[in-house]
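Enquirer: First the structure, which I've put down as structure tokens, then a few questions once you've had a look.
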Amino acid sequence: MQNTTDFLVIGSGIAGLSYALKAAEQGTVAIVTKKETAESNTNYAQGGIAAVIGSDDAFQFHIDDTMKAGGYLCRREVVEMVVKEGPARIKELTDIGVQFTRNGPGLDLGREGGHSHHRIVHAADLTGKEIERALLARVSSHPNISIFENHISIDLITEHHLFGAGKRSHDSIHCWGAYVLDVDANVVKTFLAGTTLLATGGAGHVYLHTTNPLIATGDGVAMAYRAGAKISNMEFIQFHPTTLFNSGSPSFLISEAVRGFGAVLRNRQGVDFMRKYDSRGDLAPRDVVARAIDSELKRSGDEFVYLDVRHCDAAKTRSHFPNIYERCLKHGIDITKDLIPVVPGAHYSCGGVVTDVDGATTINGLFAIGEVAMTGLHGANRLASNSLLEAVVYSHRAAERVQRNGRRDPIPGNILDWDDSGTNNSEEWVLISHNRKEIQQLMWDYVGIVRSNHRLGRAQRRITLIVDEVKDFYKRTKVSEGLIELRNLACVADLIIRSAIERKESRGLHFTTDHPETDDTNWLRDTVIN
Ligand code: FAD
Ligand code: SIN
């Protein structure tokens with residue numbers, strides 16, 4: 001079954017939806033998304049979007065904060081561009097109906113770790129949900145856009161899938177769409193398009209404990225890697241310092257904006273320990289805070305530290321953080337009176353599919369925007385609330401780029417349909433769930449906040465076995481959601497481990513006890529996997 005449009009968008013978070021709206025001004029758009037439309041990391045974003053709006057703020061401050069948080073591995077020209085285009089994109093979101101929290105005539109601006117100024121535009125503590133709502137309202141009523149829910153993309157279509165194709169050469173790969181499993185109908189469809197956007201988000205579920213919803217299994221990076229795209233900086237996995245202890249899977253996030261509001265981290269003896277680690281205290285960037293918590297926990301043997309908001313005005317706490325207040329109450333914690341037990345959890349993937357300044361990947365006809373991409377903005381550690389910003393800036397630029405370039409080459413007529421001859425409906429479902437858990441556990445134990453050669457070596461030996469096992473199983477078995485995700489999780493775990501082994505220094509989110517220093521002479525550069 002074939003479906004042909006001008007644009008194929010894979011993913012319906014902020015990146016996919018904002019790009020789709022702009023692309024739809026130029027042609028027809030199909031959005032495929034693996035669950036219901038709103039289910040995305042975007043929908044859970046709490047803190048907000050960073051942008052220079054306050055009268056005491058300036059582009060240079062935001063640029064400096066981003067560079068510093070990123071361990072100076074960020075591409076300066078990208079940082080400057082994103083920061084400067086930020087305010088226009090915030091205005092656009094407001095124009096399409098996003099109801100940001102206001103403070104008198106202007107927008108209320110919060111503060112988060114690593115930011116020298118108040119610049120976080122937000123909708124209370126449910127910013128992502130509000131953005132997703134407004135974008136979906138527009139997208140759903142657009143005549144040029146069709147949305148396909150419960151459609152999970154399996155692989156990108158390239159030269160490799162042409163009937164009678166010769167051996168592909170690395171510098172001339174084209175993408176013409178994707179093979180997509182319609183989960184409800186249990187049939188694989190061929191989605192063809194002149195331009196394809198990967199907007200599949202992050203990979204939090206490579207780890208045992210994560211803030212990410214279940215959709216975040218690294219599918220986009222794995223698909224792009226298999227298709228031959230350049231992948232970079234996968235070792236930089238951001239652990240958010242404060243997720244609610246024992247809140248299930250995914251772990252519930254306690255926004256960094258709570259610390260921006262005045263909350264303080266304490267160990268179980270009640271000591272506010274952050275100044276011992278960094279002069280910026282509780283508002284140091286996330287890599288620093290997560291490592292400090294990890295160190296406190298290892299030293300004490302405790303399972304969690306506390307976040308303390310009790311000294312802040314209770315009514316203001318409730319009105320700034322209604323969602324966090326309610327959710328903690330369900331766990332028996334009144335945050336205005338009780339300490340909040342918190343632990344770090346995997347949160348964000350700074351590396352990904354390499355793009356240029358317009359979101360174009362190294363594969364012709366393929367763009368990547370949002371968390372799946374490595375644009376150069378985040379370097380070794382993403383500054384809080386720069387992710388939603390990056391997604392809206394790049395969606396705009398990618399759509400403009402396609403318009404500038406005009407129509408793409410025609411789609412070849414000899415693209416093969418999905419062929420699953422020789423595969424069976426296997427009964428070995430236990431293999432999928434067992435291997436998935438094994439990957440998550442080994443990544444958590446050996447490739448976490450603090451790494452070492454010994455642990456990474458162990459992780460690599462184990463993941464190599466799992467990758468081989470999954471490859472073999474995949475060849476023999478009809479595709480299912482679980483199998484597609486497992487294959488991608490194994491692939492992405494392998495990429496993270498390989499990148500972490502390659503980087504022989506500590507920078508930003510990659511800290512290894514064997515190379516504890518930052519080495520600017522040899523390592524002020526990206527790790528690259530082709
Ligand atoms: P997502 O929003 O994750 O969307 C990905 C989409 O792709 C989903 O629709 C998914 O179903 C779909 N998909 C995935 N794989 C496939 C496939 N194989 N086939 C079809 N569809 C697929 N960032 C900030 O800047 N500010 C914040 O305040 C903030 N708070 C956060 C709070 C939480 C709890 C979390 C988890 C993240 C937060 N982040 C925040 C990070 C930010 O939300 C994400 O990085 C951003 O939303 C990513 O947007 P995206 O469009 O790239 O991906
Ligand atoms: C948060 O609200 O702490 C998350 C912000 C982010 O991930 O940028």
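The values are calculated or read from the model by the stated rules, or taken from the named source; none is laboratory data. Predicted, not measured: the structure shown is a model, and the values here were computed from it. Note that each Cβ is placed from the backbone with ideal geometry, even for glycine, and that neighbours are counted across all protein chains shown. Quick note on the areas: whole protein, heavy atoms, side chains included, nothing else; ligands and nucleic acids left out. Shrake-Rupley method; radii C 1.70, N 1.55, O 1.52, S 1.80 Å.
Enquirer: With a cut-off of 18 Å, note down the residues of segment 275-315 whose backbone N falls inside the zone around a label point 7 Å from the Cα of His118 toward its beta carbon.
Expert: The answer is 283, 312-315.
Enquirer: Using a 1.4 Å probe on the protein heavy atoms only, what accessible surface does Cys491 show? Give it in Å² to the nearest 10.
Expert: The accessible area comes out at roughly 20 Å².
Enquirer: Which ³J(HN,Hα) values in Hz, rounded to whole numbers, follow from the phi angles of segment 278-283 under the Karplus curve 6.51 cos²θ - 1.76 cosθ + 1.60, where θ = phi - 60° and Gly and Pro get x?
Expert: Computed from phi, the couplings for segment 278-283 are 7, 5, 7, x, 5, 9 Hz.
Enquirer: For n ≥ 4 DSSP H runs only, could you compute -39500 (n - 2.57) per run for the chain, divide by its residues and tell me the 222 nm figure to the nearest 500?
Expert: -11500 deg cm²/dmol
Enquirer: Contour minus end-to-end for Asn530 and Leu136, with contour as 0.36 nm per residue of separation and end-to-end as the Cα-Cα distance?
Expert: Length gained between Asn530 and Leu136: 138.4 nm.
Enquirer: Measure off 7 Å from each Cα along the Cα-to-Cβ vector at Arg408 and Asn150, then give the distance between these two points in nanometres to one decimal.
Expert: Going from the Arg408 label point to the Asn150 one covers 2.8 nm.
Enquirer: In addition: May I ask you to give the solvent-accessible area per residue for segment 385-530, in square angstrom, as obtained with a 1.4 angstrom probe?
Expert: 49 Å²
Enquirer: Would you mind checking segment 22-59 for residues with the amide N under 17 Å from a putative spin-label position 7 Å along Cα→C-beta of Asp95?
Expert: 22-26
Enquirer: May I ask you to give the solvent-accessible area per residue for segment 64-148, in square angstrom, as obtained with a 1.4 angstrom probe?
Expert: Here the per-residue accessible area is 42 Å².
Enquirer: Just list whichever of Lys330/Lys437; Lys35/Lys84; Lys91/Lys330; Lys68/Lys91; Lys230/Lys298; Lys35/Lys504 have alpha carbons separated by over 31 Å in the model shown.
Expert: Lys35/Lys84; Lys91/Lys330; Lys230/Lys298; Lys35/Lys504, as the Cα separations exceed 31 Å there.
Enquirer: Taking the Cα centre of the chain as the origin, how large is its charge dipole in debye, to the nearest 20, when only Lys and Arg (+1) and Asp and Glu (-1) carry charge on their Cβ atoms?
Expert: About 520 debye.
Enquirer: Lys129: which aspartates and glutamates have alpha carbons under 13 Å from its alpha carbon, excluding same-chain residues fewer than 8 sequence positions away?
Expert: Straight-line reach from Lys129, under 13 Å: Glu39.
Enquirer: Taking θ as phi - 60°, what are the ³J(HN,Hα) couplings along segment 147-160 by the Karplus curve (6.51, -1.76, 1.60), each to the nearest whole Hz, with x for Gly and Pro?
Expert: Per residue, the Karplus-derived 3J(HN,Hα) values read 10, 10, 7, 6, 10, 9, 6, 9, 8, 7, 8, 9, 3, 4 Hz.
Enquirer: While we're on this one: Kindly state, to the nearest 0.05, the FRET efficiency for Lys475 paired with Asp514, given R0 = 30 Å and r defined as their beta-carbon distance.
Expert: Calculated transfer efficiency: 0.20.
Enquirer: Can you give the accessible area of Arg286 in Å² (nearest 10), computed on protein heavy atoms with a 1.4 Å probe?
Expert: Counting only protein heavy atoms, the figure is 20 Å².
Enquirer: If packing is taken as the mean number of other Cβ atoms within 10 Å per residue, what is the order of 192-199, 431-438, highest first?
Expert: Top to bottom by mean Cβ count within 10 Å: 192-199, 431-438.
Enquirer: If you average over every viewing direction, what projected area does the convex hull of the Cα atoms of the chain give, in nm²?
Expert: Average projection, Cα convex hull of the chain: 23.9 nm².
Enquirer: Trp523: net charge of surrounding residues, Cβ under 12 Å, Lys/Arg +1, Asp/Glu -1, itself excluded?
Expert: It works out to a net charge of -3.
Enquirer: Turning to a different aspect of this structure: Could the peptides 369-379, 1-11, 305-315, 228-238 be put in order, highest first, of the mean number of other beta-carbon atoms found within 10 Å of their residues?
Expert: Top to bottom by mean Cβ count within 10 Å: 369-379, 228-238, 1-11, 305-315.
Enquirer: Assuming R0 = 41 Å, can you tell me the calculated FRET efficiency for the pair His434 and Asp64, based on Cβ-Cβ distance, to the nearest 0.05?
Expert: My answer for the efficiency is 0.30.
Enquirer: When the accessible area of the chain is split by element with a 1.4 Å probe, what percent falls to carbon and sulfur?
Expert: Solvent-exposed carbon and sulfur of the chain make up 50 percent of the total.
Enquirer: Let me ask something else. How much solvent-accessible surface does Arg404 expose, in Å² to the nearest 10, with a 1.4 Å probe and all protein chains in place?
Expert: Its accessible surface works out to 150 Å², give or take rounding.
Enquirer: Less than 17 Å apart at the alpha-carbon level, and either on another chain or at least 8 residues along: which aspartates and glutamates does that give for Lys337?
Expert: Partners within reach: Asp308, Asp313, Glu326.
Enquirer: Let me ask another. What number comes out for accessible area per residue over segment 240-286 if the probe is 1.4 Å? Units Å², please.
Expert: Dividing the accessible area of segment 240-286 by its residue count gives 38 Å².
Enquirer: Right, something else. Please give the length that would be gained between Ala314 and His331 if that part of the chain were fully extended, namely 0.36 nm times their separation in residues minus their C-alpha to C-alpha distance (nm, one decimal).
Expert: Taking Ala314 through His331 to full extension adds about 4.3 nm, to one decimal.
Enquirer: Which ³J(HN,Hα) values in Hz, rounded to whole numbers, follow from the phi angles of segment 417-426 under the Karplus curve 6.51 cos²θ - 1.76 cosθ + 1.60, where θ = phi - 60° and Gly and Pro get x?
Expert: Coupling constants for segment 417-426: 6, 4, 10, 10, 5, x, 10, 10, 7, 6 Hz.
Enquirer: Given His122, Leu73, His161, which one lies farthest toward the positive end of the charge dipole of the chain, if we put +1 on the Cβ of every Lys and Arg and -1 on the Cβ of every Asp and Glu?
Expert: Leu73
Enquirer: Once each part is reduced to its C-alpha centroid, what is the distance from segment 507-527 to segment 62-113 in angstrom?
Expert: A separation of 27 Å, based on Cα centres.
Enquirer: Quick check for me: using +1 on Lys/Arg Cβ and -1 on Asp/Glu Cβ, what's the dipole size of segment 17-114 about its Cα centre, in debye to the nearest 20?
Expert: Its charge dipole is roughly 220 debye.
Enquirer: Cross-link partners among lysines for Lys478, C-alpha distance below 17 Å, same-chain residues fewer than 8 apart left out?
Expert: In chain and number order, the partners are Lys189.
Enquirer: While we're looking at this one, here's another question. Work out the length of the dipole vector of segment 181-266 about its Cα centre, built from +1 on the beta-carbon of each Lys and Arg and -1 on the beta-carbon of each Asp and Glu, and round it to the nearest 20 debye.
Expert: That gives segment 181-266 a dipole magnitude of about 200 debye.
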